[in-house]
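Taking it in order: structure first as structure tokens, then the write-up.
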Amino acid sequence: MIYADNAATTRMSQTAIQAMLPYLDKLYGNPSSLYAFGQQAREALEDARERIASCLGCEAREIIFTSGGSEADNQAILSAAALGARKGKKHIISTAFEHHAVLHTLEQLKKQGYDVTLLDVHESGLITEQQVADAIREDTCLVTVMYANNEIGTIQPIAEIGAVCREKGVLFHTDAVQAAGHLPIDVKAQQIDLLSLSAHKFHGPKGIGALYARRGLALEPLIRGGAQERNKRAGTENVPAIVGMAAALNEACAGMEATSTRLRVLRDRLIAGLDQIPYGELNGDRTQRLPGNVSFCFEGIEGESLLLLLDDKGICASSGSACTSGSLDPSHVLLSIGRPHEVAHGSLRLTLGEDATEAQVDEIIAAVTDVVSYLRGMSPFWRDLMNGKRPHVFAE
Ligand SMILES: *Cc1c(COP(=O)(O)O)cnc(C)c1O
């Protein structure tokens, strides 16, 4: 099997598994218990917090553990919105191609009377700090822009947006779920106030994540109950998962430069190979993209059929995002960069992980080339395109 869906989730690293095992087994104490056995778990928890903070350039006390990226996004946005409302500020700026954890939270806030501006995304899959600056108003309380997109991999100018927000006194949140462990992050230098991450996107366990919240921000708890996480997230901490997340993030950050250099070469080889398929186009900027992300649209095919046939050939890939597959709506991300509906339906996302090889990349290129031409051979829609009954979207 070739696993090329690392944006959906990743294989756990051995380092993370080994780090977790003692806490799944003998060291099962509750970190809130006062006796030494509980305090041993407490120490592991606080050590993990330190290690995660050091990867992000913040203080340990600025890290809150959550059940994953979605929870961190929800808490960051709802907290910032509540803080804004107290000052009579109920305008939020975001982009049209955020993850649903952000977009659906913003939808909820709209129903509560907030005004939300979604910035248009350029066809390159990028927004500019100027767009953010132009959209900020007197009553803006929050800007939330994702660090790197989960479908098309484009990387936003985070430090520049951070500078604009800090200057205008507006809180800045970034969903860094696709970036953490893959791209350098320094929340102080980049002037980020709130940042979400999720362990299973960087070879840690599923169901655990973290929210960085700049010191002094009065975060609202999303989950109420006990006094864990300085009253900002109730519930007994998932110690094994937290320890695994810290181990995975440390490992990913230590190897980041070497891994991304290697992955960029493989990514560009894959892009060059798929570029040979006629009437297809890469989605998103060629260089401002995650080291392992390749996303294409092909005319005259259905993404779902493409995925099933690739699966037959032992290749795990994705079309749109995992959250929207199963529904017939084309991806909101592809629509946001101006792909027409019929082309957005024929999308393919391949996300390489660190164990990807050149031989695998070549196998993927051959398989996709085969499957695309097979599907087009059966498609009446494709026949119309070739007969000139429908206009092409892409050049040959
Ligand atoms: C995966 C993902 C999330 C959700 O994270 P979970 O830990 O699965 O809840 C949020 N945002 C982005 C960009 C993601 O890729």
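The values are calculated or read from the model by the stated rules, or taken from the named source; none is laboratory data. Here the structure is a predicted model, which means the values were calculated and not measured. Here Cβ is always computed from backbone atoms with ideal geometry, including for glycine, and neighbour counts include all displayed protein chains. SASA here: full protein model, heavy atoms, side chains in, ligands and nucleic acids out. Shrake-Rupley method; radii C 1.70, N 1.55, O 1.52, S 1.80 Å.
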Residue hits (region 197-222; open to solvent by 70 Å² or more (accessible area, probe 1.4 Å) and either in a helix (DSSP H, G or I) or touching a residue at least 60 places away in the same chain (Cβ under 8 Å) (or both)) are Lys206, Arg214, Arg215
Mind telling me which of the residues Gly284, Gly292 ends up being modelled with pLDDT of 95 or more, of a type outside the set (Ser, Thr, Tyr) and on the phi > 0 side of the Ramachandran plot?
Gly284
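The rows are residues; the columns are (1) within 30 Å of Leu307 (Cβ to Cβ); (2) part of a helix (DSSP H, G or I); (3) away from the ligand (no atom under 16 Å from the Cβ); (4) hydrophobic (A, V, I, L, M, F, W, C).
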| position | (1), (2), (3), (4) |
| --- | --- |
| Thr10 | yes, no, no, no |
| Ile17 | yes, yes, yes, yes |
| Tyr23 | no, yes, yes, no |
| Asn30 | no, no, yes, no |
| Leu34 | no, no, yes, yes |
| Phe37 | no, yes, yes, yes |
| Gln40 | no, yes, yes, no |
| Glu46 | no, yes, yes, no |
Considering every residue within region 68-75, establish whether at least one is in a loop (DSSP other than H, G, I, E, B), open to solvent by less than 60 Å² (accessible area, probe 1.4 Å) and within 16 Å of the ligand (Cβ to nearest atom).
yes
Test set (1) of a type in the set (A, V, I, L, M); (2) under 16 Å from Leu352 (Cα atoms); (3) part of a loop (DSSP other than H, G, I, E, B) - Ile277 fails condition number
(2)
Which pairs turn up if I take residues in region 361-376 that are touching a residue at least 12 places away in the same chain (Cβ under 8 Å) and look for partners that are among the basic types (Lys, Arg) with beta carbon separation below 6 Å, at least 6 apart in sequence or on another chain?
Val361/Arg269; Ala367/Lys313
Criterion first (more than 28 Å from Ile152 (Cβ to Cβ), part of a loop (DSSP other than H, G, I, E, B) and of a type in the set (A, V, I, L, M)) does Leu183 satisfy it?
no
If I go through region 124-149 residue by residue, how many of them are open to solvent by 50 Å² or more (accessible area, probe 1.4 Å), under 28 Å from Phe296 (Cβ atoms) and either among the charged types (D, E, K, R) or part of a loop (DSSP other than H, G, I, E, B) (or both)?
1
Can you tell me which residues in region 182-213 are away from the ligand (no atom under 12 Å from the Cβ) and either under 17 Å from the mean Cα position of the chain (by Cα) or within 20 Å of Leu290 (Cα to Cα) (or both)?
Leu183, Pro184, Ile185, Asp186, Val187, Gln190, Ile192, Leu194, His203, Tyr212
Would you confirm whether or not region 76-86 contains a residue that is within 14 Å of the ligand (Cβ to nearest atom), part of a helix (DSSP H, G or I) and surrounded by 16 or more Cβ atoms within 10 Å (Cβ to Cβ)?
yes
Failed condition for Gln360, given (1) within 28 Å of Asp120 (Cβ to Cβ); (2) open to solvent by 50 Å² or more (accessible area, probe 1.4 Å); (3) within 25 Å of the chain's Cα centre (by Cα); (4) not aliphatic (A, V, I, L, M)
(1)
For region 92-123, which residues satisfy the criterion of being within 15 Å of the ligand (Cβ to nearest atom), in contact (Cβ under 8 Å) with a residue 60 or more places away in the chain and not in a helix (DSSP H, G or I)?
Thr95, Ala96, Phe97, Glu98, His99, Val121
Residues of region 157-196 being over 30 Å from Val239 (Cα atoms), small (Gly, Ala, Ser) and crowded, with 24+ Cβ neighbours inside 10 Å, in sequence order, are none
Determine whether region 50-65 contains at least one residue that is in a helix (DSSP H, G or I), farther than 30 Å from Pro22 by Cα and among the hydrophobic types (A, V, I, L, M, F, W, C).
no
Within region 230-251, tally of residues that are open to solvent by 20 Å² or more (accessible area, probe 1.4 Å), in a loop (DSSP other than H, G, I, E, B) and farther than 21 Å from His203 by Cβ:
4
Is it true that Thr154 is among the hydroxyl-bearing types (Ser, Thr, Tyr) and open to solvent by 20 Å² or more (accessible area, probe 1.4 Å)?
no
